[in-house]
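Presented below is the structure to which this report refers.
The values are calculated or read from the model by the stated rules, or taken from the named source; none is laboratory data. Source: prediction; values computed, not measured. Don't worry about glycine lacking a Cβ; one is built from the backbone with ideal geometry, like all the others, and counts go over all protein chains shown. Areas reflect the complete protein model, heavy atoms only, side chains present, ligands, DNA and RNA absent. Shrake-Rupley method; radii C 1.70, N 1.55, O 1.52, S 1.80 Å.
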Amino acid sequence: MIARLPHLLTASIISFTVLSFWSVLKTLPKPIYIQAYHLLQEIHLVPLAQTEFAANLLMACKQEEINTAIETCGYTNLESILKVAGFTDLFLFDIKHIDPERHYKLTGVRNEQILENLKELLRRRYNVKVRMPLLKGINDNQDEIERVIALMPFRDYKNFKGIDILPYHKLGVNKYTQLGKEYPIKEDPSLSIEELNMIESWVEKYEFQVAVIKH
């Protein structure tokens, strides 16, 4: 329901709704309060497509001294990103493929604006951790991984928090079944432990944090 609010309410009502949420939340016993605000992590919201609501929600979190983070593919205009950046402790920024044509074929959009937004966040000293979803046969070769790493501007800045390489996993398959939907990926693009170990050996040489996240 929360994710639908921006389509139904004006920005002022959204602001009131967020503040009302906190006023009710703070009346609860502490154990319930702690559990309740963790529900924020479960809100299925595309924050940079709903910036007014996201900015108000993030601002309310900051007022309650709750750390904030946004997961994003970065495909939006710079104005939308900057609208929420001031209330965001960390951007988890996906880079799916470095080549614009290949990116378009895989995702339906080109990546020039995405990469420009990434550079601008880093240049303006917002905290960013880059994440690279990894699929076998798509973007798991050494050249592709090293091109993404080489792209990173301002890598010596303290606000650049490194790169997490995220191999494909099947944890979301059951969600499609529960929703009565067919899982769109027919083949298995996951990588073996041996392949992940090899990728890990490629990135060990870098002086900043590049981590292969193994599930």
Here FRET efficiency (C-beta to C-beta, LYS158 to VAL109, R₀ 22 Å, nearest 0.05) is 0.10
Take the stretch 126-166, compute every pairwise Cα distance, and split them into 5 Å bins from 0; I just need the percent in each bin. 6, 21, 32, 20, 12, 7, 2
Selection of trypsin sites (Lys or Arg not before Pro), the stretch 122-199, meeting DSSP coil and at most 16 other Cβ within 10 Å: ARG124, ARG125, LYS136, ARG155, LYS158, LYS170, LYS181, LYS186
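Roughly how many percent of the accessible protein surface of the stretch 144-184 is carbon and sulfur, given a 1.4 Å probe and a whole-percent answer?
That share works out to 52 percent.
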Only Lys, Arg (+1) and Asp, Glu (-1) charged, at Cβ; the stretch 67-115 dipole about Cα centre in debye: 140 debye
q = 0.12, 0.14, 0.19 Å⁻¹, the stretch 86-178: log10 I(q)/I(0) [Debye, one scatterer per Cα]: -0.42, -0.57, -0.95
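Once the Cα gyration tensor of the stretch 168-215 is diagonalised, what are the square roots of 5 times its eigenvalues, in whole Å and ordered largest first, as equivalent ellipsoid semi-axes? Mind dumping the intermediate values first?
Working: eigenvalues 188, 27, 11 Å².
Semi-axes, largest first: 31, 12, 7 Å.
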1/(1 + (r/R0)^6) with r = Cβ-Cβ of ASP143 and ASN77, R0 = 35 Å, i.e. FRET efficiency to nearest 0.05, evaluates to 0.70
Contact order normalised by residue count of the stretch 86-205, Cα under 8 Å, 6+ apart, percent: 26 percent
Leaving out ligands and nucleic acids, and using a 1.4 Å probe, what accessible area per residue does the stretch 67-131 come to in Å²? 49 Å²
For LEU134, other-chain or 5+-apart residues with amide H closer than 5 Å (H placed, Pro excluded) are LEU166, TYR168
